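Only one structure is covered here, and it is reproduced in the block below.
The values are calculated or read from the model by the stated rules, or taken from the named source; none is laboratory data. Keep in mind that what you see is a predicted model, and the values were worked out from it rather than measured. All Cβ positions, even for glycine, are placed from backbone atoms using ideal geometry, and neighbour counts span all protein chains on display.
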Amino acid sequence: MRSLAPEPLTADAFAPFGDVIEATDAAEAMPINYGWTTRFNALADVAVGDGRAIISIFRSKPLTPPVLKVFERHPLGSQAFMPLSGRPFLVAVAPPGDFDPARVRLFRAAATQGVNYARGTWHHFLLALEAESDFLVVDREGPGDNLDELELAPADWIGVAP
């Protein structure tokens with residue numbers, strides 16, 4: 001089993017897999033509500049094809065032991081996750097196309113960062129850290145099969161380094 005250490009989540013590093021959702025100086029910021037609110041505009045491109053966008057809350061427990069064994073992708077739409085519990089989390093992704101365990105990247109997202117997986121991007125299910133955590137999820141509901149899941153052979157399992 002190989003081991004991966006999480007790398008910091010940045011917009012540039014994550015660009016091949018989707019969008020980082022974060023209110024930063026790079027975002028388009030505009031005052032609204034008579035100046036009482038700042039809107040950080042269009043932080044992610046939600047792809048839904050012929051479906052509709054839905055908003056859910058997922059409650060995730062930390063993975064113990066931290067070994068990556070299952071990846072999934074959504075061929076018909078993107079999927080966004082934003083933490084609600086004030087805790088960091090891990091993001092394990094691989095490029096679209098044929099899954100290659102050697103191309104998996106592991107990111108550590110800050111409690112203020114979310115991600116939007118691009119359509120077809122391979123990713124591990126939610127990887128909460130520290131404690132059970134809630135996430136706001138925006139994804140696609142509609143016709144068609146929008147989930148491909150892949151269980152890795154034990155030789156391809158990936159341990160998460162501290």
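Could you tell me whether Val93 is touching a helix residue (DSSP H, G or I) at 6+ places or on another chain (Cβ under 7 Å) and under 22 Å from Leu147 (Cα atoms)?
So Val93 does not fit the description; no.
Restricting attention to region 94-101, does a residue exist that is surrounded by 11 or more Cβ atoms within 10 Å (Cβ to Cβ), out of contact with any Gly (no Cβ under 8 Å at 6 or more places or on another chain) and among the small types (Gly, Ala, Ser)?
Yes, there is a match, as at least one residue in region 94-101 is surrounded by 11 or more Cβ atoms within 10 Å (Cβ to Cβ), out of contact with any Gly (no Cβ under 8 Å at 6 or more places or on another chain) and among the small types (Gly, Ala, Ser).
Just to verify a result, which residue in region 106-125, among those that are within 11 Å of Phe89 (Cα to Cα) and hydrophobic (A, V, I, L, M, F, W, C), is nearest to the chain's Cα centre (by Cα)?
Val115
Residues in region 89-121 that are assigned to a strand (DSSP E or B) and in contact with a Lys or Arg (Cβ under 9 Å, 6 or more places away or on another chain): how many?
Count: 7.
Among the residues of region 13-29, is any farther than 19 Å from Thr121 by Cα and part of a strand (DSSP E or B)?
Checked against the condition, which is being farther than 19 Å from Thr121 by Cα and part of a strand (DSSP E or B), region 13-29 yields at least one hit.
Out of (1) assigned to a strand (DSSP E or B); (2) in contact with a Ser or Thr (Cβ under 9 Å, 6 or more places away or on another chain), the odd one out for Ala53 is which?
The one condition Ala53 does not meet is (2).
Which one is farthest from Leu152 (Cα to Cα) among residues in region 122-131 that are of a type in the set (A, V, I, L, M, F, W, C) and in a loop (DSSP other than H, G, I, E, B)?
Looking at residues that are of a type in the set (A, V, I, L, M, F, W, C) and in a loop (DSSP other than H, G, I, E, B), I get Ala131.
Identify the residue in region 1-14 that is closer than 19 Å to Pro83 by Cα and more than 12 Å from the chain's Cα centre (by Cα) and, among all such residues, is surrounded by the most Cβ atoms within 10 Å (Cβ to Cβ).
Pro6
Please specify each residue of region 43-61 satisfying the condition of being under 11 Å from Leu127 (Cα atoms) and under 15 Å from the mean Cα position of the chain (by Cα).
Correct list: Arg59, Ser60.
With respect to Gly86, is the statement that it is modelled with pLDDT of 95 or more, at positive phi and in a loop (DSSP other than H, G, I, E, B) true?
yes
For Ala26, all conditions in the list (1) loosely packed, with under 13 Cβ neighbours inside 10 Å; (2) under 17 Å from the mean Cα position of the chain (by Cα); (3) small (Gly, Ala, Ser) hold save one; what is the number of the exception?
(2)
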